Structures are given as C-alpha cells and as structure tokens.
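Have a look at the structure below, then the notes.
The values are calculated or read from the model by the stated rules, or taken from the named source; none is laboratory data. Predicted, not measured: the structure shown is a model, and the values here were computed from it. All Cβ positions, glycine included, derive from the backbone under ideal geometry; neighbour counts span all protein chains shown. We work out accessible area using only protein heavy atoms, side chains counted, and drop any ligands, DNA or RNA first. Shrake-Rupley method; radii C 1.70, N 1.55, O 1.52, S 1.80 Å.
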Amino acid sequence: MSHSAQPRPMTARRSGALSGVATVPGDKSISHRALILGALSVGETRITGLLEGQDVLDTAKAMAAFGAQVERLGEGEWSVHGVGVGGFGEPEGVIDCGNSGTGVRLIMGAMATTPITATFTGDASLSRRPMARITDPLAQFGAQITAREGGRLPITIKGAADPLPVRYRTPVASAQIKSAILLAGLNVPGETVVIESEPTRDHSERMLAGFGADIRTERTDEGYVITLQGRPELRAQPVAVPRDPSSAAFPVAAALIVPGSEIRVPGVSRNPTRDGLYVTLREMGADIAFENQREEGGEPVADLVVRHGPLKGVTVPADRAASMIDEFPILSVIAAFAEGATVMNGVAELRVKESDRIDAMARGLEANGVQVEETRDSMTVHGMGKVPGGGTAATHLDHRIAMSFLILGLATEAPVSIDDGEPIATSFPDFLPLMQGLGADLD
Ligand code: S3P
C-alpha cells in the first residue's frame, strides 16, 4: 500500500451517552512480534486476532521479503512458515516500514546478525525519528550500518557474519531497544544481556520463551537484567493476540468523559507492563471494573466495564511512564475534564514518538480552550468543568494524536476538528465505525 494517502479532515461533536460493546483490535506490539518470531521459527505459526493495521501489514510484507511464507487465511487469521534463526535471505527491494517505529526497529534487530544486507525506509514521521538508539547496539554485534545524517532513515545494514554477544544497558526505557537487541542476540553464540533501569513491556520475552528460547529476567542491583541464550531452535507456536489496551484507551476515555455513558470492552490485555493508564484512571476516581480476569495466549486479559463519573486530577510518577507511554495523549484529554491539575512526569520520550506528542497535545488542547504547561519532560493539564472546544488540532501523521482529539470533541461545548484522520488506520482501522456504534457523533 502507498503511504501517500490524501489528508482526511475529521470532526467530533458533543454526543449523548455512549453505550454498548467496544471490541477493539489485536495488540499492535504482540502482532508485530508474532509475525517476526513466526518468520524466525521452524514450522508454521498460526496467528489469530492479528491487528490488521497498516503498521503490522508492513511488518508482514517485510517478513515475506526476508523469505518467510506469510499468508492471510481470514479476518485476523494468519499463517507464517518461518525460515529459522539465521535463515533470513537478502531482500530484493527496500524494506518500507511506513509509520512504524516498532516494525523498523525490531526488524533491523532481527536481521543484524545474519550476513545479508537490507535497506530500511519509512514515511515522513518515521524518517524524523531517532534510530541511533538501535543501530549503536547493533553495531556492537558487528553489523555495519549506514544512516542518514543524525542516524535517521533510510538506513542500510550489512549484517554481521561472525556476530559477537553483547551486554547492553539501555540509555532510555524502551521495549523497542530491548527487543531489537534480543532479536539480534538470537543468531549469536553465547549470552546476550540487556539491562533496563525501569521495566518496559515484556511481550518479546514472553513470546521468545513461548517459542522455546532460553530467556530469563532477574531483578538485581543493576536493574532488570534479561539474559538470552543464543542460537536456539525456535519452534513455531499458535499465537492468540489479546486486544490492545492502548487502543481500548480511546473508547474507555470516551465513556469516562461523556455523561451517562456505560460501555464494555472485552478481552483486553492486562499485562502489568502495559497497565499504567488503568492504574492512573483508578487514582483519578474512574469507575472501571475488570471482569472475567483470565489468561489468553500467555497474557492476562479481562473485560473492562467503564462508566462515566466525576474525575480528579492526579500526579503521575515518572517511574510509571514506561507502562503507559502510548497513553499520555488520551490521558491529557481525560485530564481536561477532571477537577484540578493532572501532572505527567518523566515523559521526555513522548517527544520522539510518531510526533512530538507533548507539543502536539499542548497546542491542540490550547486551541480548544484548555490550559497546558510543558517542560522538556513533563506536561500539566488543568481540568475544567466545561471544555470549550471549537478548535482544530494538527495531527502530524500521528494516529494517537488524531484519535485523542476526536475523543475530546465528544464532550466539548463546540465541535473539535483534526486536520488528518488517515493515520488512524495504522493501529485502529475500525475506530470510526466502532465509536459511531457506541453513539459517538464523528465524521
Ligand atoms: C513498543 C514500544 C514503545 C511504544 C510503541 C510500541 C513496542 O516504544 O511507544 O508504540 O512494541 O515495543 P519505545 O520502546 O520506543 O518506548
């Protein structure tokens, strides 16, 4: 698919009480990993519940380019016949990862210790994002890397023929850095070690263990130490992808801010490394129940039941940031309707996401009458009883900024517009019909 779709302006209007069941798509992080580990395994990996957003489709295409047989069998149902650890072949063309930081960073890791050469590119947003955080550790394995000025895409990697094991402390809390190193470590003799100060999402570790790798995490004085034994034979596994808590956050937020609402969001992952938003919302006094808690595909899941009610501002501690890193845009919308200020600390990483999310949220909220303060690594939103709305937000090719402002407009006095809803398809292709089905006035 081309990544040059025309901008699609959209508008959200004050809506009546929302109700019904919001069945959100499969988890984006787990979907990428299921395709990549399937491609690095021997045998057939059957995936159900795969997110068919553009980011993940780009990863599926990339896995085929490296030699895996990737087939769509039905809605969310995919088959991957892998080539085994070290079995990637050299792709004929450039690998275009579109908008996806997770896709490009994990795939660069997965190929960096195989003696093949690949060139990676992406859209305007991805081409602005920092990649040295990935290519620096990959160079330590022996990969040769050529990047554009500032370590940006396009990037060409000549994989290491005789890779060396690496012990690496991540300079920022990032599951993408950790995962790229672990995937590179698969094709290296000996132990690859990643050390994190704060735990980040652990889907790679869980899935690697599920596919038969020898991997362990220990909490030591150094931090969280993850050790992977190289050169395992990964065995193909069925993967049932749980529903994405980061996507669930949008209908959940809508129900919290639109008076009279009550919705159910079934089968959402409650992985503790992804749970920070829900912890924070409960501190704000949100009426959220977690029903039918169970385990699916190696991940804890629950059905969320969410009701509108009064909310109060809170301070989100810096050490919670990693567990809700994608949820700060929508939290800042919810915070606009809370009583008092909500302070978000330790969020500098938001500045290097699909957009500078602190800047994008601050400017868009101000355009809709909300007072926001920002520093390099914090954001404060001052809640108000009635949020004026009436503004247009610039979304900067960022799906979560687009969805956040559409949710804002469901409870503001005047409508809220966005300049471009097209990026929503990267993570939540059915966002519009799903929200309309709950009663949201969006077009
Ligand atoms: C992701 C990790 C996070 C997150 C991204 C998905 C992943 O990025 O923002 O949407 O799947 O590993 P960082 O690792 O850069 O924090």
Completion exercise
Summed over the other residues with a beta carbon less than 13 angstrom from that of Ala39, with K and R at +1 and D and E at -1, the charge totals 0
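Any idea of the accessible area per residue across the chain, 1.4 Å probe, to the nearest Å²?
Per-residue value: 35 Å².
May I ask you to order 47-53, 233-239, 104-110 by the average number of other C-beta atoms within 10 Å around their residues, highest value first?
Ranking, from highest mean packing down: 104-110, 47-53, 233-239.
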Practice task
Could you name the lysines whose alpha carbon sits less than 29 Å from that of Lys312, not counting residues in the same chain fewer than 8 places away?
Solution key: Lys353, Lys386
Problem - P(r) tail fraction, the chain - alpha-carbon pairs more than 38 Å apart, % - result: 19
Exercise for the section: Quick one: which residues, 5 or more positions from Ser41 or on another chain, have an amide H under 5 Å from its amide H? H modelled 1.01 Å from N in the peptide plane, none for Pro or chain starts. Expected result: Gly82, Val83, Gly84
Completion exercise
Rounded to whole angstrom, the alpha-carbon centroid of the stretch 381-401 lies from that of the stretch 104-139 at a distance of 33
Handout entry: Rh by Kirkwood over Cα pairs, then Stokes-Einstein D for the stretch 353-413 at 0.692 mPa s and 37 °C, µm²/s
Key = 279
Problem - Point-to-point label distance, Thr23-Glu283, nm (Cα→Cβ direction, 7 Å offset) - result: 3.5
Practice task
Output the Cα-based Rg and Dmax of the stretch 1-116 in Å, rounding Rg to one decimal and Dmax to a whole number.
Solution key: 16.8, 58
Handout entry: Share of carbon and sulfur in the accessible heavy-atom surface of the stretch 28-240 [1.4 Å probe, %]
Key = 46
Completion exercise
Fraction of alpha-carbon pairs in the stretch 303-443 farther than 23 Å apart, rounded to whole percent, equals 30
Fill in the blank from the handout: Relative contact order of the stretch 28-240 (C-alpha contacts under 8 Å, at least 6 apart) in percent is 22
Problem - Between the stretch 77-103 and the stretch 258-314, the alpha-carbon center distance in angstrom - result: 34
Handout entry: More than 33 Å apart - percent of Cα-Cα pairs taken over the stretch 28-240
Key = 6
